[in-house]
1. What are the residues in segment 316-325 that are surrounded by fewer than 19 Cβ atoms within 10 Å (Cβ to Cβ) and part of a helix (DSSP H, G or I), if any?
2. Considering only residues that are in a helix (DSSP H, G or I) and crowded, with 21+ Cβ neighbours inside 10 Å, look in segment 153-169 and name the one that is modelled with the lowest pLDDT.
3. Can you tell me which of (1) surrounded by fewer than 22 Cβ atoms within 10 Å (Cβ to Cβ); (2) within 23 Å of Gly98 (Cα to Cα) is the one Ala181 doesn't meet?
4. For Leu80, only one of the following conditions fails: (1) part of a helix (DSSP H, G or I); (2) more than 21 Å from Ala119 (Cα to Cα); (3) modelled with pLDDT of 80 or more. What is its number?
5. So for segment 235-243 (the condition being assigned to a helix (DSSP H, G or I), more than 22 Å from Leu331 (Cα to Cα) and of a type in the set (Lys, Arg)), does at least one residue qualify?
6. Among the residues in segment 128-146, are any touching a residue at least 60 places away in the same chain (Cβ under 8 Å), open to solvent by 60 Å² or more (accessible area, probe 1.4 Å), over 30 Å from Met342 (Cα atoms) and over 17 Å from the mean Cα position of the chain (by Cα)?
7. What are the residue pairs meeting all of these: first residue in segment 193-217, first residue in contact (Cβ under 8 Å) with a residue 40 or more places away in the chain and open to solvent by 60 Å² or more (accessible area, probe 1.4 Å), second residue hydrophobic (A, V, I, L, M, F, W, C) and in a helix (DSSP H, G or I), Cβ atoms under 7 Å, and 6 or more apart or on different chains?
Amino acid sequence: MSEGSPPGNRPGFKIGRVFGVPVIISPTWLILAVLVTVLYSDVVRAVLPNLAEGLVYVVSFGFVVTLCGSVFLHELGHALASRHYRIGVRSITLEMLGGHTEMTDEAKSPKAEAVVALAGPLVSAVLGMAGVAALVVTPSGTLAMQFAFQVAVCNIIVAVYNVLPGMPLDGGRALRALVWAVAGDKHLASRVAGWTGRVVAAATGAAGVLLYYVGVVSAIAVAFSLIIGVVLWVGATRSIQIGRLGARFHLLRVRDLMRPAVEVPTSTPLAEALRRMQEAGADGVVTVDGAGVPLALMSTEAVRRMPVERRPWVPVDDVCRSISPETVWDLEWRGEEIIAAMRRHHAPEYAVMFDGRLQGLVTSSDIADVLDPRSRADRSEGKVAGTTGHRQEDDQI
(Lines give C-alpha, C1' and ligand atoms only; values in the text may rest on other atoms or scores of the structure.)
Protein backbone atom coordinates (compact mmCIF):
# COMPACT_ATOMS: atom_id res chain seq x y z
CA MET A 1 0.00 0.00 0.00
CA SER A 2 1.10 3.53 -0.67
CA GLU A 3 0.49 6.20 1.88
CA GLY A 4 0.74 9.96 1.93
CA SER A 5 0.88 11.23 5.43
CA PRO A 6 2.42 13.72 7.75
CA PRO A 7 5.85 12.94 9.12
CA GLY A 8 5.83 10.62 12.06
CA ASN A 9 8.18 8.45 14.08
CA ARG A 10 7.42 4.93 12.92
CA PRO A 11 8.49 2.19 15.37
CA GLY A 12 10.83 -0.35 13.87
CA PHE A 13 14.35 -1.28 12.89
CA LYS A 14 16.02 0.48 10.00
CA ILE A 15 17.80 -2.21 7.96
CA GLY A 16 19.20 -0.04 5.18
CA ARG A 17 18.38 2.14 2.19
CA VAL A 18 17.36 1.27 -1.34
CA PHE A 19 17.62 4.05 -3.93
CA GLY A 20 18.04 6.39 -0.97
CA VAL A 21 14.76 5.29 0.68
CA PRO A 22 15.02 4.01 4.29
CA VAL A 23 13.67 0.47 4.72
CA ILE A 24 12.16 -0.28 8.13
CA ILE A 25 11.00 -3.58 9.62
CA SER A 26 8.26 -3.17 12.20
CA PRO A 27 8.45 -5.24 15.42
CA THR A 28 5.09 -6.73 14.41
CA TRP A 29 6.83 -8.42 11.49
CA LEU A 30 8.61 -10.69 13.99
CA ILE A 31 5.20 -11.90 15.17
CA LEU A 32 4.27 -12.71 11.58
CA ALA A 33 7.59 -14.52 11.04
CA VAL A 34 7.03 -16.84 14.01
CA LEU A 35 3.36 -17.54 13.23
CA VAL A 36 3.86 -18.25 9.53
CA THR A 37 6.94 -20.39 10.15
CA VAL A 38 5.02 -22.61 12.57
CA LEU A 39 1.80 -22.79 10.52
CA TYR A 40 3.47 -23.33 7.15
CA SER A 41 5.63 -26.15 8.54
CA ASP A 42 2.61 -28.48 8.25
CA VAL A 43 2.36 -27.70 4.54
CA VAL A 44 6.09 -28.40 4.08
CA ARG A 45 5.79 -31.77 5.88
CA ALA A 46 2.89 -32.78 3.64
CA VAL A 47 4.63 -31.77 0.39
CA LEU A 48 8.14 -32.97 1.37
CA PRO A 49 7.54 -35.92 3.73
CA ASN A 50 11.16 -37.12 3.59
CA LEU A 51 12.61 -33.77 4.67
CA ALA A 52 14.43 -33.71 8.03
CA GLU A 53 12.50 -31.97 10.81
CA GLY A 54 15.08 -29.22 11.17
CA LEU A 55 14.97 -28.45 7.47
CA VAL A 56 11.17 -28.30 7.61
CA TYR A 57 11.39 -25.12 9.65
CA VAL A 58 14.16 -23.75 7.45
CA VAL A 59 11.95 -24.14 4.36
CA SER A 60 8.97 -22.78 6.28
CA PHE A 61 10.96 -19.73 7.33
CA GLY A 62 11.99 -19.39 3.68
CA PHE A 63 8.31 -18.81 2.95
CA VAL A 64 8.38 -15.91 5.44
CA VAL A 65 11.45 -14.44 3.77
CA THR A 66 9.84 -14.87 0.34
CA LEU A 67 6.67 -13.15 1.56
CA CYS A 68 8.74 -10.31 3.03
CA GLY A 69 10.71 -9.92 -0.19
CA SER A 70 7.52 -9.92 -2.23
CA VAL A 71 5.99 -7.19 -0.09
CA PHE A 72 9.21 -5.18 -0.26
CA LEU A 73 9.35 -5.31 -4.06
CA HIS A 74 5.66 -4.39 -4.17
CA GLU A 75 6.33 -1.31 -2.03
CA LEU A 76 9.46 -0.49 -4.03
CA GLY A 77 7.22 -0.34 -7.10
CA HIS A 78 5.17 2.36 -5.35
CA ALA A 79 8.32 4.22 -4.32
CA LEU A 80 9.88 4.28 -7.79
CA ALA A 81 6.60 5.33 -9.41
CA SER A 82 6.33 8.13 -6.85
CA ARG A 83 9.84 9.29 -7.65
CA HIS A 84 8.88 9.37 -11.35
CA TYR A 85 6.14 11.87 -10.53
CA ARG A 86 8.43 13.87 -8.22
CA ILE A 87 6.62 12.74 -5.09
CA GLY A 88 9.05 12.39 -2.19
CA VAL A 89 9.30 9.02 -0.44
CA ARG A 90 9.99 9.10 3.28
CA SER A 91 10.30 5.36 3.98
CA ILE A 92 9.22 1.80 3.21
CA THR A 93 7.97 -0.15 6.23
CA LEU A 94 7.40 -3.91 6.38
CA GLU A 95 5.02 -5.08 9.09
CA MET A 96 2.83 -7.98 10.15
CA LEU A 97 -0.06 -7.29 7.79
CA GLY A 98 2.03 -6.27 4.78
CA GLY A 99 3.80 -2.99 4.23
CA HIS A 100 3.38 0.62 3.25
CA THR A 101 5.30 3.33 1.44
CA GLU A 102 5.17 6.67 3.22
CA MET A 103 5.27 9.68 0.92
CA THR A 104 5.90 13.33 1.69
CA ASP A 105 3.17 14.62 -0.65
CA GLU A 106 0.05 13.47 -2.43
CA ALA A 107 -0.26 12.90 -6.16
CA LYS A 108 -0.98 16.07 -8.11
CA SER A 109 -3.20 14.42 -10.74
CA PRO A 110 -5.51 11.40 -11.14
CA LYS A 111 -3.03 9.85 -13.56
CA ALA A 112 -0.17 10.06 -11.07
CA GLU A 113 -2.44 8.69 -8.33
CA ALA A 114 -3.45 5.71 -10.47
CA VAL A 115 0.06 4.89 -11.69
CA VAL A 116 1.58 5.06 -8.20
CA ALA A 117 -1.27 2.96 -6.77
CA LEU A 118 -1.10 0.23 -9.42
CA ALA A 119 2.69 0.05 -9.67
CA GLY A 120 2.88 -2.18 -6.59
CA PRO A 121 0.28 -4.78 -7.71
CA LEU A 122 1.87 -4.79 -11.17
CA VAL A 123 5.24 -5.74 -9.68
CA SER A 124 3.58 -8.46 -7.60
CA ALA A 125 1.71 -9.81 -10.64
CA VAL A 126 4.92 -10.04 -12.69
CA LEU A 127 6.71 -11.86 -9.87
CA GLY A 128 3.73 -14.16 -9.41
CA MET A 129 3.71 -15.10 -13.10
CA ALA A 130 7.47 -15.73 -12.92
CA GLY A 131 6.83 -18.05 -9.99
CA VAL A 132 4.14 -19.91 -11.93
CA ALA A 133 6.47 -20.31 -14.91
CA ALA A 134 9.19 -21.69 -12.63
CA LEU A 135 6.66 -24.02 -11.01
CA VAL A 136 5.82 -25.53 -14.38
CA VAL A 137 9.42 -26.42 -15.28
CA THR A 138 10.72 -27.60 -11.88
CA PRO A 139 10.48 -31.26 -10.81
CA SER A 140 7.72 -32.01 -8.30
CA GLY A 141 8.59 -32.93 -4.74
CA THR A 142 11.78 -30.85 -4.70
CA LEU A 143 12.93 -27.81 -2.78
CA ALA A 144 13.13 -25.88 -6.06
CA MET A 145 9.47 -26.63 -6.73
CA GLN A 146 8.56 -25.56 -3.20
CA PHE A 147 10.44 -22.26 -3.62
CA ALA A 148 8.75 -21.58 -6.97
CA PHE A 149 5.39 -22.32 -5.33
CA GLN A 150 6.17 -19.85 -2.55
CA VAL A 151 7.10 -17.10 -5.03
CA ALA A 152 3.96 -17.71 -7.09
CA VAL A 153 1.53 -17.89 -4.16
CA CYS A 154 2.97 -14.94 -2.22
CA ASN A 155 2.93 -12.54 -5.13
CA ILE A 156 -0.40 -13.59 -6.61
CA ILE A 157 -2.09 -13.18 -3.23
CA VAL A 158 -0.48 -9.78 -2.71
CA ALA A 159 -1.42 -8.63 -6.22
CA VAL A 160 -5.03 -9.85 -6.20
CA TYR A 161 -5.93 -8.67 -2.72
CA ASN A 162 -4.33 -5.24 -3.16
CA VAL A 163 -6.35 -4.41 -6.29
CA LEU A 164 -9.66 -4.74 -4.43
CA PRO A 165 -11.42 -1.36 -4.88
CA GLY A 166 -11.38 0.04 -1.37
CA MET A 167 -9.15 2.29 0.69
CA PRO A 168 -6.53 1.90 2.04
CA LEU A 169 -5.70 -0.82 -0.51
CA ASP A 170 -4.03 0.06 -3.81
CA GLY A 171 -7.23 -0.70 -5.66
CA GLY A 172 -8.96 1.85 -3.47
CA ARG A 173 -6.43 4.47 -4.51
CA ALA A 174 -6.97 3.54 -8.15
CA LEU A 175 -10.72 3.90 -7.61
CA ARG A 176 -10.11 7.28 -6.00
CA ALA A 177 -8.09 8.32 -9.06
CA LEU A 178 -10.93 7.23 -11.36
CA VAL A 179 -13.61 9.13 -9.43
CA TRP A 180 -11.28 12.13 -9.20
CA ALA A 181 -10.78 12.10 -12.98
CA VAL A 182 -14.51 11.75 -13.72
CA ALA A 183 -15.95 14.08 -11.05
CA GLY A 184 -13.02 16.50 -10.83
CA ASP A 185 -13.19 16.37 -7.02
CA LYS A 186 -10.52 14.33 -5.23
CA HIS A 187 -12.15 14.90 -1.84
CA LEU A 188 -15.37 13.31 -3.06
CA ALA A 189 -13.19 10.54 -4.51
CA SER A 190 -11.63 9.95 -1.07
CA ARG A 191 -15.06 9.56 0.48
CA VAL A 192 -16.24 7.15 -2.23
CA ALA A 193 -13.09 5.01 -1.95
CA GLY A 194 -13.43 5.09 1.83
CA TRP A 195 -16.97 3.72 1.76
CA THR A 196 -16.00 0.95 -0.66
CA GLY A 197 -13.07 0.24 1.64
CA ARG A 198 -15.50 -0.34 4.49
CA VAL A 199 -17.33 -2.87 2.31
CA VAL A 200 -14.04 -4.68 1.55
CA ALA A 201 -13.13 -4.62 5.25
CA ALA A 202 -16.47 -6.12 6.29
CA ALA A 203 -16.28 -8.72 3.51
CA THR A 204 -12.76 -9.73 4.59
CA GLY A 205 -13.86 -10.46 8.15
CA ALA A 206 -17.06 -12.19 7.01
CA ALA A 207 -15.16 -14.36 4.51
CA GLY A 208 -12.82 -15.58 7.24
CA VAL A 209 -15.73 -16.56 9.50
CA LEU A 210 -17.58 -18.27 6.63
CA LEU A 211 -14.53 -20.27 5.52
CA TYR A 212 -13.99 -21.40 9.10
CA TYR A 213 -17.63 -22.41 9.39
CA VAL A 214 -17.37 -24.69 6.32
CA GLY A 215 -14.07 -26.12 7.55
CA VAL A 216 -11.71 -24.59 5.00
CA VAL A 217 -9.49 -22.54 7.35
CA SER A 218 -8.37 -22.70 10.97
CA ALA A 219 -9.31 -20.46 13.89
CA ILE A 220 -5.96 -18.65 13.54
CA ALA A 221 -6.81 -17.79 9.93
CA VAL A 222 -10.14 -16.39 11.11
CA ALA A 223 -8.34 -14.24 13.67
CA PHE A 224 -6.03 -12.91 10.93
CA SER A 225 -8.95 -12.11 8.64
CA LEU A 226 -10.73 -10.24 11.43
CA ILE A 227 -7.57 -8.29 12.28
CA ILE A 228 -7.09 -7.38 8.61
CA GLY A 229 -10.73 -6.37 8.40
CA VAL A 230 -10.37 -4.05 11.39
CA VAL A 231 -7.18 -2.47 9.98
CA LEU A 232 -8.88 -1.90 6.62
CA TRP A 233 -11.96 -0.43 8.31
CA VAL A 234 -9.80 2.05 10.21
CA GLY A 235 -7.95 3.03 7.01
CA ALA A 236 -11.21 3.39 5.10
CA THR A 237 -12.70 5.54 7.85
CA ARG A 238 -9.62 7.76 7.77
CA SER A 239 -10.10 8.21 4.02
CA ILE A 240 -13.72 9.28 4.57
CA GLN A 241 -12.64 11.76 7.25
CA ILE A 242 -9.88 13.18 5.04
CA GLY A 243 -12.41 13.58 2.23
CA ARG A 244 -14.76 15.48 4.52
CA LEU A 245 -11.97 17.74 5.75
CA GLY A 246 -10.68 18.25 2.22
CA ALA A 247 -14.05 19.60 1.17
CA ARG A 248 -13.32 22.57 3.46
CA PHE A 249 -9.77 23.28 2.25
CA HIS A 250 -11.04 26.14 0.08
CA LEU A 251 -11.94 28.02 3.28
CA LEU A 252 -8.30 28.26 4.33
CA ARG A 253 -6.53 31.58 3.58
CA VAL A 254 -3.44 32.80 5.40
CA ARG A 255 -4.79 36.36 5.36
CA ASP A 256 -7.94 35.23 7.17
CA LEU A 257 -6.13 32.95 9.63
CA MET A 258 -3.33 35.35 10.55
CA ARG A 259 -3.15 36.59 14.15
CA PRO A 260 -1.16 39.63 15.33
CA ALA A 261 2.19 39.10 17.05
CA VAL A 262 4.41 41.49 18.96
CA GLU A 263 8.16 41.68 18.35
CA VAL A 264 10.53 41.77 21.33
CA PRO A 265 14.33 41.79 21.42
CA THR A 266 16.04 38.49 22.06
CA SER A 267 16.83 37.84 25.76
CA THR A 268 13.79 39.83 26.92
CA PRO A 269 12.43 38.34 30.19
CA LEU A 270 9.45 36.12 29.54
CA ALA A 271 7.18 38.04 31.93
CA GLU A 272 8.01 41.30 30.13
CA ALA A 273 7.39 39.72 26.72
CA LEU A 274 3.99 38.50 27.86
CA ARG A 275 3.17 41.93 29.29
CA ARG A 276 3.98 43.60 25.96
CA MET A 277 1.93 41.02 24.10
CA GLN A 278 -1.15 41.68 26.25
CA GLU A 279 -0.65 45.43 26.09
CA ALA A 280 -0.55 45.30 22.28
CA GLY A 281 -3.58 42.99 22.10
CA ALA A 282 -1.48 40.43 20.22
CA ASP A 283 -1.72 36.64 20.26
CA GLY A 284 1.95 35.76 20.08
CA VAL A 285 5.54 36.86 20.56
CA VAL A 286 8.38 36.86 18.04
CA THR A 287 11.96 37.51 19.09
CA VAL A 288 14.12 39.70 16.84
CA ASP A 289 17.82 40.53 16.69
CA GLY A 290 19.34 44.00 16.81
CA ALA A 291 18.55 44.57 13.13
CA GLY A 292 14.90 43.61 13.62
CA VAL A 293 15.23 40.24 11.86
CA PRO A 294 12.73 37.68 13.28
CA LEU A 295 14.49 34.81 15.03
CA ALA A 296 11.96 32.65 16.87
CA LEU A 297 8.29 32.15 17.74
CA MET A 298 7.12 31.80 21.32
CA SER A 299 5.72 28.32 21.97
CA THR A 300 2.31 28.08 23.61
CA GLU A 301 3.00 24.75 25.26
CA ALA A 302 6.41 25.83 26.56
CA VAL A 303 4.88 28.90 28.21
CA ARG A 304 2.19 26.80 29.86
CA ARG A 305 4.81 24.55 31.37
CA MET A 306 6.80 27.48 32.74
CA PRO A 307 5.84 28.28 36.39
CA VAL A 308 4.53 31.84 36.82
CA GLU A 309 7.08 32.65 39.53
CA ARG A 310 9.99 31.86 37.19
CA ARG A 311 8.82 33.97 34.26
CA PRO A 312 10.43 37.27 35.36
CA TRP A 313 13.83 35.53 35.48
CA VAL A 314 13.66 33.38 32.34
CA PRO A 315 14.47 34.84 28.89
CA VAL A 316 11.68 34.47 26.38
CA ASP A 317 14.16 32.61 24.14
CA ASP A 318 13.84 29.60 26.46
CA VAL A 319 10.22 29.08 25.38
CA CYS A 320 10.68 29.80 21.66
CA ARG A 321 11.06 27.73 18.51
CA SER A 322 13.51 28.98 15.92
CA ILE A 323 11.98 30.35 12.73
CA SER A 324 13.14 28.19 9.83
CA PRO A 325 12.19 28.12 6.14
CA GLU A 326 9.74 25.30 6.97
CA THR A 327 7.88 27.44 9.52
CA VAL A 328 7.63 30.57 7.35
CA TRP A 329 4.41 30.98 5.35
CA ASP A 330 3.51 33.30 2.51
CA LEU A 331 0.79 35.87 3.03
CA GLU A 332 -1.04 34.78 -0.13
CA TRP A 333 -1.17 31.03 0.52
CA ARG A 334 -4.54 29.34 0.61
CA GLY A 335 -6.21 25.93 0.52
CA GLU A 336 -3.98 23.12 -0.71
CA GLU A 337 -0.84 25.27 -0.33
CA ILE A 338 -1.48 25.51 3.41
CA ILE A 339 -2.17 21.80 3.79
CA ALA A 340 0.93 20.90 1.77
CA ALA A 341 3.07 23.17 3.99
CA MET A 342 1.70 21.48 7.11
CA ARG A 343 2.40 18.02 5.65
CA ARG A 344 6.00 19.00 4.95
CA HIS A 345 6.56 20.35 8.44
CA HIS A 346 4.00 20.23 11.23
CA ALA A 347 4.32 22.88 13.95
CA PRO A 348 1.94 24.53 16.45
CA GLU A 349 2.70 28.02 15.06
CA TYR A 350 3.92 29.44 11.75
CA ALA A 351 5.37 32.88 11.01
CA VAL A 352 3.79 34.85 8.16
CA MET A 353 6.40 36.94 6.34
CA PHE A 354 6.28 39.45 3.51
CA ASP A 355 9.34 41.16 2.05
CA GLY A 356 11.45 39.95 4.98
CA ARG A 357 9.15 41.45 7.61
CA LEU A 358 6.87 39.67 10.03
CA GLN A 359 3.17 40.11 9.31
CA GLY A 360 1.73 37.85 11.99
CA LEU A 361 1.34 34.19 12.82
CA VAL A 362 -0.94 31.26 12.01
CA THR A 363 -1.68 28.43 14.44
CA SER A 364 -2.46 24.79 13.71
CA SER A 365 -5.39 24.96 16.12
CA ASP A 366 -7.03 27.73 14.08
CA ILE A 367 -6.66 25.62 10.94
CA ALA A 368 -8.23 22.67 12.77
CA ASP A 369 -11.16 24.90 13.78
CA VAL A 370 -11.80 25.81 10.15
CA LEU A 371 -11.61 22.22 8.93
CA ASP A 372 -13.65 20.82 11.82
CA PRO A 373 -15.75 23.47 13.60
CA ARG A 374 -16.59 20.94 16.31
CA SER A 375 -13.00 21.06 17.52
CA ARG A 376 -13.51 24.62 18.75
CA ALA A 377 -16.41 23.53 20.97
CA ASP A 378 -14.34 20.66 22.38
CA ARG A 379 -11.49 22.94 23.40
CA SER A 380 -11.20 23.54 27.14
CA GLU A 381 -11.49 27.16 28.23
CA GLY A 382 -8.80 27.17 30.88
CA LYS A 383 -6.05 28.03 28.41
CA VAL A 384 -3.03 30.15 29.11
CA ALA A 385 -3.86 33.85 28.79
CA GLY A 386 -2.45 35.52 25.71
CA THR A 387 -0.52 32.45 24.57
CA THR A 388 -0.24 31.86 20.85
CA GLY A 389 -3.51 31.11 19.16
CA HIS A 390 -5.80 31.46 22.20
CA ARG A 391 -7.05 34.65 23.78
CA GLN A 392 -8.31 34.49 27.35
CA GLU A 393 -9.94 36.95 29.67
CA ASP A 394 -7.80 36.38 32.73
CA ASP A 395 -4.07 37.04 32.70
CA GLN A 396 -2.85 33.81 34.23
CA ILE A 397 -0.32 33.17 31.46
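The values are calculated or read from the model by the stated rules, or taken from the named source; none is laboratory data. What you are looking at is a predicted structure, and each value in this text was computed from that prediction instead of being measured. Virtual Cβ from ideal backbone geometry, glycine too; neighbours counted across all protein chains shown. Areas reflect the complete protein model, heavy atoms only, side chains present, ligands, DNA and RNA absent. Shrake-Rupley method; radii C 1.70, N 1.55, O 1.52, S 1.80 Å.
1. Answer for segment 316-325, where residues must be surrounded by fewer than 19 Cβ atoms within 10 Å (Cβ to Cβ) and part of a helix (DSSP H, G or I): Asp317, Asp318, Pro325.
2. Checking each candidate, the answer is Cys154.
3. Ala181 satisfies every listed condition except (2).
4. The failed condition is (2).
5. yes
6. Taking every residue of segment 128-146 in turn, at least one turns out to be touching a residue at least 60 places away in the same chain (Cβ under 8 Å), open to solvent by 60 Å² or more (accessible area, probe 1.4 Å), over 30 Å from Met342 (Cα atoms) and over 17 Å from the mean Cα position of the chain (by Cα).
7. Hits for this filter: Trp195/Ile240.
Matching residues to (1) touching a strand residue (DSSP E or B) at 6+ places or on another chain (Cβ under 8 Å); (2) open to solvent by 20 Å² or more (accessible area, probe 1.4 Å):
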{"site": "Leu252", "(1), (2)": "yes, no"}
{"site": "Pro260", "(1), (2)": "yes, yes"}
{"site": "Ser267", "(1), (2)": "yes, yes"}
{"site": "Leu270", "(1), (2)": "yes, no"}
{"site": "Arg275", "(1), (2)": "no, yes"}
{"site": "Met298", "(1), (2)": "yes, no"}
{"site": "Arg305", "(1), (2)": "no, yes"}
{"site": "Val314", "(1), (2)": "yes, no"}
